[in-house]
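Asks: Provided herewith is a single structure, encoded as structure tokens, for subsequent inquiry.
The values are calculated or read from the model by the stated rules, or taken from the named source; none is laboratory data. It should be emphasised that the depicted structure is a prediction, and the values quoted were computed from it without experimental measurement. Cβ: placed from backbone, ideal geometry, glycine included. Neighbour counts: every protein chain shown. Heavy atoms of the whole protein, side chains included, go into the accessibility calculation; ligands, DNA and RNA do not. Shrake-Rupley method; radii C 1.70, N 1.55, O 1.52, S 1.80 Å.
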Amino acid sequence: MPVDYRAPNINARRLGHYLQQVREALELSYDAAAAQVGCDATWLIRLETGFQRATPEEVGRL
């Protein structure tokens, strides 16, 4: 069975889920959260879904 290497790994998904919970607890939309952090909303969406990896510095900034 071929492996799809584009699929997010468990650590990326776990981090994304945690970041999504925090964003939702603060009642922020993707656009509002991205504006506060100074990043693009599509990057934030990809990060929360696990398809974008973040550096430790980026996670600290979030």
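Asks: For region 43-51, check the following and say yes or no: at least one residue is touching a Ser or Thr at 6+ places or on another chain (Cβ under 9 Å) and surrounded by 12 or more Cβ atoms within 10 Å (Cβ to Cβ).
Replies: no
Asks: Further question: May I ask you to list the residues in region 12-42 that are of a type in the set (S, T, N, Q) and either in contact with a Phe, Trp or Tyr (Cβ under 9 Å, 6 or more places away or on another chain) or open to solvent by less than 100 Å² (accessible area, probe 1.4 Å) (or both)?
Replies: Answer for region 12-42, where residues must be of a type in the set (S, T, N, Q) and either in contact with a Phe, Trp or Tyr (Cβ under 9 Å, 6 or more places away or on another chain) or open to solvent by less than 100 Å² (accessible area, probe 1.4 Å) (or both): GLN20, GLN21, SER29, THR42.
Asks: Which condition breaks for ALA54 when tested against (1) in a helix (DSSP H, G or I); (2) within 11 Å of the chain's Cα centre (by Cα)?
Replies: Among (1) in a helix (DSSP H, G or I); (2) within 11 Å of the chain's Cα centre (by Cα), ALA54 violates only (1).
Asks: For the list (1) loosely packed, with under 12 Cβ neighbours inside 10 Å; (2) among the hydroxyl-bearing types (Ser, Thr, Tyr); (3) at pLDDT 90 or above, I need the number of the one condition that TYR5 fails.
Replies: Failing condition for TYR5: (3).
Asks: Working only within region 19-33, note down all residues that are under 17 Å from ALA54 (Cα atoms) and either touching an Asp or Glu at 6+ places or on another chain (Cβ under 9 Å) or of a type in the set (Asp, Glu) (or both).
Replies: Once the filter is applied, which keeps residues that are under 17 Å from ALA54 (Cα atoms) and either touching an Asp or Glu at 6+ places or on another chain (Cβ under 9 Å) or of a type in the set (Asp, Glu) (or both), region 19-33 yields LEU19, GLN20, ARG23, TYR30.
Asks: To continue, here is another question. With the requirement that a residue be more than 24 Å from ILE10 (Cα to Cα) and assigned to a helix (DSSP H, G or I), what does region 23-51 give you?
Replies: Within region 23-51, ASP31, ALA32, ALA35, GLN36, VAL37 qualify.
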